Amino acid sequence: MISDLVIIGGGASGFMAASVAIDNGIKSIVIFESSKKILEKVRISGGGRCNVTNASWDNSNLVGNYPRGEKQLLGLFSRFSTIQAFDWFQKKGLNLKIEKDGRIFPQSDSSSDVIKCLSYAAVKAGVEINTSSHVKEIKISNTGYDVLLQGNKLHRSRNLLLCTGGHPSGRKLAKQLGHTIVKPVPSLFSLSLINSPLKSCSGISLNARIKLVVNKSKFVETGKLLLTHWGISGPVILKLSAFSARCLYSNNYKAEIFINWLCKTDHEIRQELNLFITNYPNKSIWNYRPFVDLPKRLWIVLCSASGFDASYKWSNLSKSDKEKLIQLLINNKYNIKGRGPFGDEFVTAGGVSLKEINLKTMESKIHKGLYFAGEIINVDGITGGFNFQHCWTTGWIAGTSCSFNVNV
Ligand SMILES: Cc1cc2nc3c(=O)[nH]c(=O)nc-3n(C[C@H](O)[C@H](O)[C@H](O)COP(=O)(O)OP(=O)(O)OC[C@H]3O[C@@H](n4cnc5c(N)ncnc54)[C@H](O)[C@@H]3O)c2cc1C
């Protein structure tokens with residue numbers, strides 16, 4: 001018995017590919033999934049809500065959200081992009097909603113509905129789904145591929161889709177088949193700070209402009225920053241970590257960070273400060289602050305770092321005190337100790353080199369009938385639904401193209 005298509009990895013990209021392959025008439029499809037459950041990452045994604053994609057409809061803007069793969073994704077998205085993914089899920093019966101910031105979630109706010117949607121078509125069409133089925137080796141045969149599972153069970157297939165996500169075993173299989181692996185490094189993580197007084201501000205979230213300096217490379221982003229008891233997190237840090245992932249890795253995660261707490265220029269802050277000092281000279285610095293967007297807890301930490309105690313009044317502020325305060329507000333420096341203890345939306349940067357994949361079909365340039373999709377390839381995005389989007393896109397293209405290799 002030989003299958004038309006074996007999919008290794010029962011995750012987002014694998015199920016998208018299976019569903020599309022079914023719609024294109026492929027009959028015998030088998031999924032092998034190592035773990036006990038399918039679509040486990042979809043289940044835990046987006047805090048259990050699953051951020052399916054993003055309402056970034058313009059492909060030339062969309063690709064800017066991918067630190068790796070930006071150039072190559074433009075062609076892939078011209079075939080199946082965010083709008084096609086949005087329509088695809090709605091047509092398959094999953095109602096979606098767009099949040100203010102552009103992130104798209106199931107209307108039910110439940111990732112289990114995304115799982116139902118993806119698995120329903122596969123189960124209904126009779127796709128053979130094997131969980132607890134770890135693929136340990138792939139051999140090229142006269143008819144296609146011999147897939148060797150843990151326990152030495154053998155399965156034959158004409159076509160093979162490798163979509164094992166960030167798991168090292170999938171990269172190992174790709175390497176055995178002759179593909180080059182771009183060194184995997186983590187992306188999308190929080191940062192720990194060395195001896196930071198910001199610890200006492202844990203839980204505060206605000207907009208900030210951040211400059212990250214790793215050796216001589218500089219990365220600047222503006223967005224929501226979250227202060228934690230170990231350091232800094234939030235969308236702006238995850239974005240910076242994604243764009244600096246390789247630099248940070250090479251520098252053993254040692255770096256400096258400069259925070260502009262108000263996203264304002266030196267000139268703007270100076271003007272506001274001068275006006276406030278003129279109007280409220282006898283008020284306490286700790287209790288009366290010109291910048292009401294800065295939470296009081298954080299303001300007091302910054303005042304203390306500038307050397308002003310609770311008794312300080314605005315009229316006590318010397319010229320050099322004022323300069324110190326301005327610098328702390330626009331250029332507050334901290335040293336990075338390393339990655340934070342948790343990855344909020346951890347993905348792997350690196351994977352199968354795009355140079356060895358035909359990006360019109362997602363087929364290997366080395367072996368006919370071998371396809372790749374999802375996180376296993378050297379593509380990754382920032383938070384906001386962009387990681388699933390490239391899984392839907394590459395899964396859809398792989399599922400569509402392999403049906404041309406099968407007489408349906
Ligand atoms: C906590 C968390 C939250 C996230 N939230 C979001 C979000 O809201 N939106 C977003 O866009 N992205 C999110 N992501 C990223 C997203 O989950 C991934 O980009 C996506 O799941 C990758 O899909 P995939 O199909 O490539 O791989 P996966 O979903 O990882 O699926 C690969 C499957 O292959 C299996 N496998 C591996 N090796 C083998 C083998 N040898 N044999 C058989 N099976 C094997 C694995 O067990 C796994 O089930 C999140 C990630 C995490 C960790």
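The values are calculated or read from the model by the stated rules, or taken from the named source; none is laboratory data. What you see is a predicted model, and the numbers here were worked out from it, not measured in a lab. With ideal geometry, Cβ positions are generated from the backbone for all residues, glycine too; neighbour counts draw on all protein chains shown.
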Can you pull out the strands (runs of 3 or more DSSP E) entirely within region 96-185 that have at least 3 residues that are in contact with a Gly (Cβ under 9 Å, 6 or more places away or on another chain)? 103-106, 154-162
Subset tally (residues that are buried (at least 22 other Cβ atoms within 10 Å of the Cβ) and over 26 Å from L325 (Cα atoms)) for region 246-271: 1
Just need a number here: residues in region 22-40 that are under 23 Å from D113 (Cα atoms) and modelled with pLDDT under 95. 2
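Residues to consider are L294, L206; find the one that is buried (at least 16 other Cβ atoms within 10 Å of the Cβ), touching a helix residue (DSSP H, G or I) at 6+ places or on another chain (Cβ under 9 Å) and under 18 Å from L325 (Cα atoms).
Just one listed residue meets the conditions, L294.
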So if I check each of I44, I7, which one is outside the structural domain of G234 (by TED's automatic domain parsing), farther than 21 Å from I138 by Cα and within 12 Å of the ligand (Cβ to nearest atom)? I44
In region 332-351, is there at least one residue being among the hydrophobic types (A, V, I, L, M, F, W, C), assigned by TED's automatic domain parsing to the domain that holds E268, touching a strand residue (DSSP E or B) at 6+ places or on another chain (Cβ under 6 Å) and part of a helix (DSSP H, G or I)? no
Take the conditions exposed (fewer than 13 other Cβ atoms within 10 Å of the Cβ), out of contact with any Gly (no Cβ under 6 Å at 6 or more places or on another chain), closer than 21 Å to A373 by Cα and in the same structural domain as P168 (by TED's automatic domain parsing) and apply them to D87. Does it pass? yes
In region 352-391, which residues are more than 9 Å from the ligand (Cβ to nearest atom), in contact with a strand residue (DSSP E or B) (Cβ under 7 Å, 6 or more places away or on another chain) and either hydroxyl-bearing (S, T, Y) or closer than 20 Å to G46 by Cα (or both)? S353, S364, Y371, V379
From the list L96, L74, exactly one residue is more than 28 Å from G170 (Cβ to Cβ), more than 11 Å from the ligand (Cβ to nearest atom) and surrounded by fewer than 22 Cβ atoms within 10 Å (Cβ to Cβ). Which is it? L96
Can you spot a residue in region 49-67 that is surrounded by fewer than 21 Cβ atoms within 10 Å (Cβ to Cβ), within 9 Å of the ligand (Cβ to nearest atom), modelled with pLDDT of 95 or more and not β-branched (V, I, T)? yes
All-but-one check, P341 against (1) within 24 Å of I181 (Cα to Cα); (2) within 16 Å of the ligand (Cβ to nearest atom), failing number (1)
Just to be sure, is F243 over 30 Å from G46 (Cα atoms) and surrounded by 13 or more Cβ atoms within 10 Å (Cβ to Cβ)? no
With respect to V30, determine if the residue is in contact (Cβ under 8 Å) with a residue 60 or more places away in the chain, closer than 27 Å to H134 by Cα, assigned by TED's automatic domain parsing to the domain that holds S169 and within 11 Å of the ligand (Cβ to nearest atom). no
Please report, ordered by residue number, the helices (runs of 4 or more DSSP H) entirely within region 1-72 with at least 3 residues that are touching a strand residue (DSSP E or B) at 6+ places or on another chain (Cβ under 7 Å). 12-23
Inspect region 205-223 for any residue being among the small types (G, A, S) and within 14 Å of the ligand (Cβ to nearest atom) and give the result as yes or no. no
